[in-house]
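The values are calculated or read from the model by the stated rules, or taken from the named source; none is laboratory data. All figures in this text were calculated on a predicted structure; none of them were measured in a lab. Positions of Cβ are generated from backbone atoms using ideal geometry, with glycine treated the same way; all protein chains shown enter the neighbour counts. The accessibility values were calculated without ligands, DNA or RNA, using every heavy atom of the protein model including side chains. Shrake-Rupley method; radii C 1.70, N 1.55, O 1.52, S 1.80 Å.
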Amino acid sequence: MVLKLHGLSVSTNTARVVACLHEKDVDFELVRVDLFARGNKEPSFLAKNPFGQIPVLEDGDITLFESRAITSYVAEKFKETGTDLIRHESFDEAALVKVWTEVESQQYHPAICPIIYEFFGKPVQGLEPDQAVIDANLEKLEKVLNVYEAKLSSTKYLAGDFYSLADLHHFPYTFYFMKTAWGSAISDRPHVKAWWDDITSRPALKKVAEGMTFGENQ
Ligand code: GS8
């Protein structure tokens with residue numbers, strides 16, 4: 001039975017899962033959830049995710065939400081196909097993948113998410129972006145990127161010399177961030193830039209990027 005992913009291709013958290021499904025060569029059906037029509041607050045959707053957020057993955061009898069938990073499930077379930085994103089053959093490498101997926105969620109995401117929300121999310125709702133919020137979070141993001149620059153000067157990818165879920169998880173928010181005026185935070189750091197150029201040249205990520213047109217038609 002084909003996997004069903006409820007979400008939107010422009011949504012960052014949906015794109016995180018789509019990227020993983022492409023890397024694993026797994027077929028899936030994208031079921032559109034219209035956030036503007038509040039389709040995510042309908043009882044039928046709340047039965048799948050009580051927090052009323054996309055994405056949601058349905059695989060036979062199991063229904064999952066939280067994009068990072070979904071990618072872990074997909075990477076584990078389909079570990080024999082496509083790219084090995086979790087280094088399942090090495091206990092130590094697998095542990096390092098977990099460290100750097102946590103870094104994305106605990107350090108990188110809290111800084112980059114408000115910038116993307118202010119820049120892209122607020123105008124869609126007819127609200128004015130708050131530059132003070134952007135500036136404060138840019139400062140936080142730069143500090144995280146200084147750590148990344150040092151790390152990526154000794155290993156090609158975040159968890160080691162192998163591409164993993166840790167790198168992939170950064171893709172959606174960074175993709176939109178590079179469309180803002182502050183992309184130099186990435187491109188002025190040579191090792192971070194080389195890492196970003198490398199991961200965005202992957203066919204799986206190029207394919208996801210085609211659907212990430214948020215903010216382009218407003
Ligand atoms: C966040 C999901 C989320 O914010 C995850 O899956 O990683 N931690 C969760 N989804 C947004 C769309 S942006 O991709 C959403 O559904 N917003 C609508 C709402 O909150 O009402």
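Brief remarks on what is shown
- Accessible area ranking (1.4 Å probe, heavy atoms, ligands and nucleic acids excluded), largest first, for Cys20, Cys113: Cys113, Cys20.
- Largest to smallest accessible area among His88, His109 [probe 1.4 Å]: His88, His109
- Mean residue ellipticity, 222 nm, helices only, the chain: the sum of -39500 (n - 2.57) across DSSP H runs of n ≥ 4, divided by residue count and rounded to 500, is -14500 deg cm²/dmol.
- Per residue, the convex hull around the alpha carbon atoms of the range 67-154 comes to 121 Å³.
- Nearest-0.05 FRET efficiency for Lys156 and Phe91, computed from C-beta distance (R0 22 Å): 0.60
- Cross-link pairs beyond the 25 Å C-alpha cut-off, checked among Lys24/Lys156; Lys77/Lys179; Lys24/Lys206: Lys77/Lys179
- Fraction of alpha-carbon pairs over 21 Å apart in the chain - percent: 55 percent
- Residue of Val74, Val133, Val17 that the Gaussian network model of the chain assigns the largest fluctuation, springs spanning Cα pairs under 10 Å: Val133
- Sites Ala37 and Asp135 - FRET efficiency at Förster radius 35 Å, r taken between beta-carbons, to 0.05: 0.55
- For the chain, the share of DSSP beta bridges that are antiparallel, to the nearest 5, is 60%.
- Helical segments meeting 20 Å axial Cα length and Kyte-Doolittle -1.0 threshold in the chain (DSSP H): 131-152
- The base-10 log of I(q)/I(0) for the range 3-77, evaluated at q = 0.19, 0.23, 0.27 Å⁻¹, reads -0.69, -1.01, -1.37 [Debye formula, identical scatterers on Cα atoms, solvent excluded].
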